[in-house]
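Visitor: Let me give you the structure first, and then I'll get to my questions.
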Amino acid sequence: MDRISDIFASKKPLVVFTTAGYPDPARSEEGIVAAIENGADIIELGVPFSDPMADGPVIAAASQQTAERGFSMNDVLALAGRIRARFPRVGLILFSYMNPMLHFGYDALCAELARIGVDGVLPVDLPLEERDELLGPCRKHGLHMIPLVSPLTPPDRIREIVDGMTGFVYYINVAGVTGARRGLPPDYPQLVEQVKKLTSLPVASGFGIADAETAAEAVRYADGVISGSGFVKALAAGVKEAAEFVRMLSTATASAS
Amino acid sequence: MNTHYGIYGGRYVAETLTGALRELEKAYFDAKRDASFQAELDDLLENYVGRESPLYFAKRLTEHCGGARIYLKREDLNHTGAHKVNNTIGQALLARRMGKKRLIAETGAGMHGVATATVAALFGMECEVFMGEVDVARQAPNVDRMHALGAKVRSIKEGSRTLKDAMNAALREWTATSGDTFYLIGTAAGPYPYPMIVKDFQSVIGRETRRQCLDRCGRLPDEVVACVGGGSNAIGMFAGFLDDPGVRLVGAEAGGLGIESGMHAASINGGRVGILHGMKAYFLQDANGQMLDTHSVSAGLDYSGVGPEHCYLADTKRARYTVVTDEEAVAAFDLLCRLEGIIPALESSHAVAQAVKDAPGLGPDGIIVVNLSGRGDKDMDNIKTYKVNHGQDL
């Protein structure tokens, strides 16, 4: 089995998103190391972009500031390579808006990701209708392309989205941008259960997960949880804060699952 | 349904927004088949907007240029002072049909914001306009107009604080509120179906111009010229002539301080293919694929991208896209003021400048139509500042 499937087979993993290169290259790397050492099973490495239109204030600011400082796709790849060399078993997903990937070249990017040992790609702004242009290169190089499903996605469309995909399904808990609210909406359990019925892939749940209680609640239904804005905010305060944040979530996730 | 123009267009948005786009697409095609929708639109265009707008022969400008006869399509005479209202009326009717209670919009120069605030008042809807902080400052009269019309204006302080960032903010807002909120996009850009919808509502410009030109001149023009930021007035004008291969279509992009300076907003002439705001199109980007800040004396053209159909028309060479600098646009502004008694918007002044360049080459038998997309009242402060900074007489 591949690395991502192994991880989901063994536990309900904690997935941590961070903007690569934020708040600066050194602390970004230290933060990722701290996250892994404190229980993060999968890291989503966010590629900095000038126009992060699906993100709320915390990640949007991190993304724009880091992009402005010139932290490029090559820098993200180098960082991913160092993390992979140090942590052979951690899951690594490249999380990106389409433009930086298009600019780099889909095929060249996927080849490089595969060579480094990144497990997959999560394109933020690439819905079902347009996804073939990136899915081809991902498959060619043996990378997962992580599909996203939102609370507004109807069942028929969920079926189409997950059909033939690998890795895991990213369930967006809240209709909105990242980091906009904390906690889960009241219909969360039914909606996650519905997605799980429609796919054989594990379903990880993200958006709004920034405290132990919410993480524990989410993981009662989902196969894993994802935290993004909360971690980025903690890392802006310091590597120690980021480590504590991840330990808090991983403890909550482990005891609930 | 064809959602692309060649490789351009598409709907590159987060999954959360795809439902709202499908809902919009369906509502639009339903409305198109409904004769009463078209009848209400036509009635408002005639009696509220004041269409049709005149096709005016600019005699003194023609004599000055010494070549082709120059006609102006007077979109500046529309209610609210620009072509933007053609589209906002259509989309607001659509919003009402879909049961939406609130309109949101992005705006650069503020003309689309005013046109959206206007229709929100007309239909009794809530309205919030997203506008970059830089534009809020340089287009203050339009901010006042939006407030007077009962709209909220949200000043966007991130990124380059212009149209691109206003659009990011509006898309974020819509991602969270699409249940009761209609996103009224003002230019022929964004994710499908917006480029198609905006073109359809603006194509009244080209349809009227084609008929007026045939009536007045007994033939089609040799060239139609429009300024291109996102490209809504241009695509509306071009739509009337796409099937007339003898009519040259010319789009004037904002050259700012000149392409070589890097300080411009000419996405087709100076950009490369990218993905933003839901579409694949030409964008101004740096070596890392980050979108660049733009520069133009005209806020309405200050956008790092351009609508997908323009990209396609450029690649297939059906339309020609030129570059007009700030200096040339301001000179054309002066010319039109002094020779014709018409104060054009700085955006439209780019198109006038292009016509001034092209007229001599076409000779006295030639006909050029300029889409005078808006009036320049909103630009008086900018013109004054520009002239003071460049040591010109006011």
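Visitor: Restrict the check to the range A:205-212 and report whether at least one residue is out of contact with any strand residue (DSSP E or B) (no Cβ under 6 Å at 6 or more places or on another chain), without any contact (Cβ under 8 Å) to a residue 60 or more places away in the chain, in a loop (DSSP other than H, G, I, E, B) and buried (at least 24 other Cβ atoms within 10 Å of the Cβ).
Guide: yes
Visitor: Here is a follow-up. Being open to solvent by less than 10 Å² (accessible area, probe 1.4 Å), under 15 Å from B:ARG102 (Cα atoms) and more than 9 Å from chain A (Cβ to nearest Cβ), is that true of even one residue in the range B:184-198?
Guide: Scanning the range B:184-198, I find at least one residue that is open to solvent by less than 10 Å² (accessible area, probe 1.4 Å), under 15 Å from B:ARG102 (Cα atoms) and more than 9 Å from chain A (Cβ to nearest Cβ), so the answer is yes.
Visitor: Only one of these conditions is not met by B:ASP381: (1) of a type in the set (Asp, Glu); (2) open to solvent by 10 Å² or more (accessible area, probe 1.4 Å); (3) under 16 Å from the mean Cα position of the chain (by Cα). Which number is it?
Guide: Answer for B:ASP381: the failing condition is (3).
Visitor: Shifting gears a bit: Suppose we keep only residues that are under 17 Å from the mean Cα position of the chain (by Cα) and open to solvent by less than 10 Å² (accessible area, probe 1.4 Å) within the range B:260-278. Which one would you say is nearest to the other protein chains (Cβ to nearest Cβ)?
Guide: B:HIS277
Visitor: Return the residues of the range B:141-165 that are open to solvent by 40 Å² or more (accessible area, probe 1.4 Å) and within 20 Å of the chain's Cα centre (by Cα); say none if nothing qualifies.
Guide: B:PRO141, B:ARG145, B:ARG161
Visitor: Let me ask another. If we keep just the residues of the range A:100-129 that are of a type in the set (Asp, Glu) and over 19 Å from A:ASP41 (Cα atoms), which is surrounded by the fewest Cβ atoms within 10 Å (Cβ to Cβ)?
Guide: Looking at the filtered set, the residue picked out is A:ASP107.
Visitor: If we keep just the residues of the range B:12-37 that are open to solvent by 20 Å² or more (accessible area, probe 1.4 Å) and either within 22 Å of the chain's Cα centre (by Cα) or aromatic (Phe, Trp, Tyr) (or both), which is nearest to the other protein chains (Cβ to nearest Cβ)?
Guide: Once the filter is applied, the top-ranked residue is B:GLU25.
Visitor: Consider only pairs whose beta carbons are under 9 Å apart and that are at least six residues apart or on different chains; among these, list those whose first residue lies in the range B:36-58 and is without any contact (Cβ under 8 Å) to a residue 12 or more places away in the chain and whose second residue is surrounded by fewer than 17 Cβ atoms within 10 Å (Cβ to Cβ).
Guide: Matching pairs, first to second residue: B:GLN38/B:LYS32.
Visitor: Considering only the range B:203-228, state which residues are open to solvent by 10 Å² or more (accessible area, probe 1.4 Å) and closer than 28 Å to B:GLU328 by Cα.
Guide: B:SER203, B:ARG210, B:LEU220, B:ASP222
Visitor: Can you find a residue that is under 18 Å from B:ILE70 (Cα atoms) and under 18 Å from the mean Cα position of the chain (by Cα) anywhere in the range B:252-259?
Guide: The answer is yes; a qualifying residue exists.
Visitor: Please state which one of B:VAL330, B:VAL324, B:VAL297, B:VAL352 is part of a helix (DSSP H, G or I), of a type in the set (A, V, I, L, M, F, W, C) and crowded, with 24+ Cβ neighbours inside 10 Å. Walk me through how you get there before you give the answer.
Guide: Details: B:VAL330 fails: crowded, with 24+ Cβ neighbours inside 10 Å; B:VAL324 fails: part of a helix (DSSP H, G or I); B:VAL297 fails: part of a helix (DSSP H, G or I).
Selected residue: B:VAL352, the only one of B:VAL330, B:VAL324, B:VAL297, B:VAL352 that is part of a helix (DSSP H, G or I), of a type in the set (A, V, I, L, M, F, W, C) and crowded, with 24+ Cβ neighbours inside 10 Å.
Visitor: May I pose another question? Take A:ASP55 and decide whether it is within 14 Å of another protein chain (Cβ to nearest Cβ), of a type in the set (Asp, Glu) and assigned to a loop (DSSP other than H, G, I, E, B).
Guide: When the stated conditions are applied, A:ASP55 passes them.
The values are calculated or read from the model by the stated rules, or taken from the named source; none is laboratory data. Every value quoted in this text rests on a predicted model; they were computed, and no experiment measured them. Neighbour counts run over all protein chains shown; Cβ positions are idealised from the backbone, glycine included. For accessibility, only protein heavy atoms count, side chains too; no ligands or nucleic acids. Shrake-Rupley method; radii C 1.70, N 1.55, O 1.52, S 1.80 Å.
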